[in-house]
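The values are calculated or read from the model by the stated rules, or taken from the named source; none is laboratory data. None of these values were measured; they are calculated from a predicted model. Positions of Cβ are generated from backbone atoms using ideal geometry, with glycine treated the same way; all protein chains shown enter the neighbour counts.
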Amino acid sequence: MKGFKYINKLFLVFLISCSSPTEPEFYNYVSKIDMEQFQKEILSEYELVRKSGRREGREYVFVNKIVQTKNLFLRVGIHPSVEEVKELVYELNSWTWIVPQEDTTLGIGDQLWWMPDPFSLDTVEFHFIRKNVFILVNSHTLGYNELLNLTQLFDDAVLNKRSFVSFSNKSDPPIIKSISASKLKLKEGEQATITVNAYDPKNEQLEYIYQGVFHDSSNKFTFIASKDYVSEPFLGTHTIEFYVINESNFVSRKKEIELEIIN
């Protein structure tokens, strides 16, 4: 009987070990997407011609090395949490004059949207969320199947933990500590220098993003109290938002400063 009990205990331990999760906890968050390596492994026939930071992620523009009329726009952003990337994408979708259509049949991402060309109505863009990552794939020169295939490849890279995608047990984005301005109240024609104080836990180089789309490697920006640059109503308080993005394509949380234009 003692031997039988011992065998039972061993069998129970075996069952527990088999039923435990196979995916380690540190896969909860994506922490880095190495686009240089991504290009080598998946886009070897394309050449990178431009990249720039945006609030939803870094935009990469590629041109086919042989057929230079074929181009590809990728936007890649890692965000502090799933909830925050969802909120950002819902806001992004509300800005466009052609409303993106959500699709649940293709099996790409946790959520996927597609957008047609306003004239031909051909699909020219897919964007999706997977974990805490936002990916946008856009081209007016690639066919539907090629565009869909690239979108699927990017999603598979996250799911299958390809070498250019890194994971962590915690969200560790760059952080904007403070924003200051040389003037908080300005009259028409005056200028204020805005300084963004930010750091990255990985000590990676930061790119600073002003009002979602303007970007610079410098942490100083000039605000001009001019009707040519400032939206209506001109007089009053204007909220300026900033993000930073590191070399891993991790985007910070938003931080804002308010400037007031007075008579």
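Laid out as a table, the results:
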| read-out | value |
| --- | --- |
| Residues of the range 29-57 satisfying the condition of being of a type in the set (Val, Ile, Thr) and within 21 Å of Asp110 (Cα to Cα) | Val30, Ile33 |
| Matching residues in the range 56-92 - criterion: being in contact with a Lys or Arg (Cβ under 9 Å, 6 or more places away or on another chain) and farther than 25 Å from Leu43 by Cα | Pro80, Val82, Glu84, Val85, Leu88, Leu92 |
| Residue list for the range 220-238, filter: assigned to a loop (DSSP other than H, G, I, E, B) and within 27 Å of the chain's Cα centre (by Cα) | Tyr229, Val230, Ser231 |
| Failed item, numbered, when Ser163 is tested on (1) in contact with a helix residue (DSSP H, G or I) (Cβ under 9 Å, 6 or more places away or on another chain); (2) under 22 Å from His127 (Cβ atoms) | (2) |
| Selection within the range 94-143 - hydroxyl-bearing (Ser, Thr, Tyr) and out of contact with any helix residue (DSSP H, G or I) (no Cβ under 8 Å at 6 or more places or on another chain) | Ser94, Thr96, Thr104, Thr105, Ser120, Thr141 |
| Residues of the range 104-125 that turn out to be at pLDDT below 95, touching a Leu at 6+ places or on another chain (Cβ under 8 Å) and outside any loop (DSSP other than H, G, I, E, B), as a count | 3 |
| Subset tally (residues that are in contact (Cβ under 8 Å) with a residue 40 or more places away in the chain, part of a loop (DSSP other than H, G, I, E, B) and over 28 Å from Tyr29 (Cα atoms)) for the range 173-195 | 3 |
| Which listed residue, of Glu84, Glu47, is touching a residue at least 40 places away in the same chain (Cβ under 8 Å) and over 18 Å from Glu247 (Cβ atoms) | Glu84 |
| Test: residue in the range 15-31 that is assigned by TED's automatic domain parsing to the domain that holds Met115, among the small types (Gly, Ala, Ser), at pLDDT 90 or above and closer than 22 Å to Glu125 by Cα | no |
| Members of the range 111-139 that are free of Cβ contacts under 8 Å to residues at least 24 places away in the same chain and surrounded by fewer than 18 Cβ atoms within 10 Å (Cβ to Cβ) | Pro116, Asp117, Pro118, Phe119, Ser120, Leu121, Asp122 |
| Selected residue (criterion: surrounded by the most Cβ atoms within 10 Å (Cβ to Cβ)) from residues of the range 140-172 that are hydroxyl-bearing (Ser, Thr, Tyr) and more than 17 Å from Ser31 (Cβ to Cβ) | Thr151 |
| Residues being part of a loop (DSSP other than H, G, I, E, B) and free of Cβ contacts under 8 Å to residues at least 40 places away in the same chain - total across the range 210-219 | 4 |
